[in-house]
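S.K.: After the structure tokens below, expect a handful of questions from me.
The values are calculated or read from the model by the stated rules, or taken from the named source; none is laboratory data. Not measured: the values here are computed from a predicted model. Neighbour counts run over all protein chains shown; Cβ positions are idealised from the backbone, glycine included.
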Amino acid sequence: MNELDTLIEKFKKDIDGSDTLDFLKELQKKYLGKDGELSRSLSSLKDFSADQKVKLGKKINDLKKEISEELEIKEAQIKNKVREVKEKNEWLDISIPGNKPKVGNLHPITITKRKIEEIFTGMGFSVVEGPLVETEYYNFDALNIPKDHPARDMWDTFWLKNGMLLRTHTSPVQIRYMKENKAPLRIIAPGKVFRHEATDACHEFDFNQVEGLMIGKDISVANFKGIIEEFLSKFFGKDVKVRLRPSFFPFTEPSFEIDMFCINCGGKGCSTCQKTGWIELMGAGMVHPKVLKEGGIDPKIYQGFAFGVGIDRLALMRYKINDIRYFNSGDLKFLKQF
């Protein structure tokens, strides 16, 4: 009994001097562990009489309970103290405004592309896409540009070792779509295209283009003129007039260049339109019968128009930017304007 009284006094001195959770774990192991003080006391009961075993066993169990309760109380005290210190050192005033995260913005080409899609879908056109890496058939042959045709020089491109090429226009999407869908149809095909040419303020070797196609039984040039004027007027937010000039494209017949009335000077003549009052904008024409046949459409029943315009060019005009190379520069000062 005296030894047990001495043991509890020793424990109280130890726990009074404890100030860390690690030290508490050591005390628990020392007094309540498998090889601890109380376990050794229990194992020594075999040397006592039956009456003594009862008294000593009760005493040991009471001490075990008391030590366990003391350890739990001390643990709670130490945890509270640690939390108070942590709250004091890591205190945060939640009323102070936080740092506003940096949020990016859409690229001007993306903004322009989405605006084009919005206008044309509002006029009943579907937006379709195709692969950037094309076959010679879809990029040239199916569009009435055979291998020996001089028009291929207009679309000089990047060839791959496997005979594929980076598409020079989004016109291949028209062939792909016609082969899988029946007339009548109306689509636009926006996307990136590639040309093997030197870069300057007006040209890039990779740029963005939107191709349009409308096929039906009674589609005429008048339909095209009305649709393109409606598109440009909505795109620039003011009435726009266009004129058609005879031209040549292998995949259309007849073909024509589209000029837009200069919206900067109102046709009076300025540096933008080179004092002419008109801005060259796009190429277009009535789809060539051979192209319709390649697409699986009977040219004796259906006809329609196609056009192609650079998204980059429209963005240059809309935002009054004087160098196309800004779009791929990665200059944040330029991009943040949009």
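S.K.: Residues that are assigned by TED's automatic domain parsing to the domain that holds I324 and farther than 27 Å from I227 by Cβ: find the helices (runs of 4 or more DSSP H) completely inside the stretch 84-197 holding 1 or more of those.
M.R.: 136-139
S.K.: Further question: Only residues that are more than 25 Å from the chain's Cα centre (by Cα), closer than 22 Å to I258 by Cα and of a type in the set (G, A, S): list them for the stretch 296-333, please.
M.R.: Within the stretch 296-333, G304, A306, G308 qualify.
S.K.: Restricting attention to the stretch 233-251, which residues are of a type outside the set (K, R), touching a residue at least 40 places away in the same chain (Cβ under 8 Å) and within 20 Å of F125 (Cα to Cα)?
M.R.: F235, F236
S.K.: Which numbered condition in (1) touching a Ser or Thr at 6+ places or on another chain (Cβ under 8 Å); (2) under 18 Å from P184 (Cα atoms); (3) among the polar types (S, T, N, Q) is the only one that S220 fails?
M.R.: Condition (1) is where S220 drops out.
S.K.: Restricting the search to the stretch 152-169, which residues are touching a strand residue (DSSP E or B) at 6+ places or on another chain (Cβ under 8 Å) and of a type in the set (A, V, I, L, M)?
M.R.: L160, M164, L165, L166
S.K.: Also, I was wondering about something else. Does the stretch 58-73 contain any residue that is under 48 Å from the mean Cα position of the chain (by Cα) and aliphatic (A, V, I, L, M)?
M.R.: Scanning the stretch 58-73, I find no residue that is under 48 Å from the mean Cα position of the chain (by Cα) and aliphatic (A, V, I, L, M), so the answer is no.
S.K.: Taking R167 as the residue in question, decide whether it is basic (K, R) and either in contact with a helix residue (DSSP H, G or I) (Cβ under 9 Å, 6 or more places away or on another chain) or closer than 22 Å to R114 by Cα (or both).
M.R.: Values: basic (K, R): yes; either in contact with a helix residue (DSSP H, G or I) (Cβ under 9 Å, 6 or more places away or on another chain) or closer than 22 Å to R114 by Cα (or both): yes.
It is true that R167 is basic (K, R) and either in contact with a helix residue (DSSP H, G or I) (Cβ under 9 Å, 6 or more places away or on another chain) or closer than 22 Å to R114 by Cα (or both).
S.K.: Could you please give the count of residues in the stretch 215-270 that are small (G, A, S) and within 25 Å of R318 (Cα to Cα)? Lay out the reasoning, then the answer.
M.R.: In the first step, residues of the stretch 215-270 are kept if they are small (G, A, S); the result is 216, 220, 222, 226, 233, 237, 247, 255, 266-267, 269.
Now restrict to residues that are within 25 Å of R318 (Cα to Cα): 226, 233, 237, 266-267, 269.
Of the residues in the stretch 215-270, 6 are small (G, A, S) and within 25 Å of R318 (Cα to Cα).
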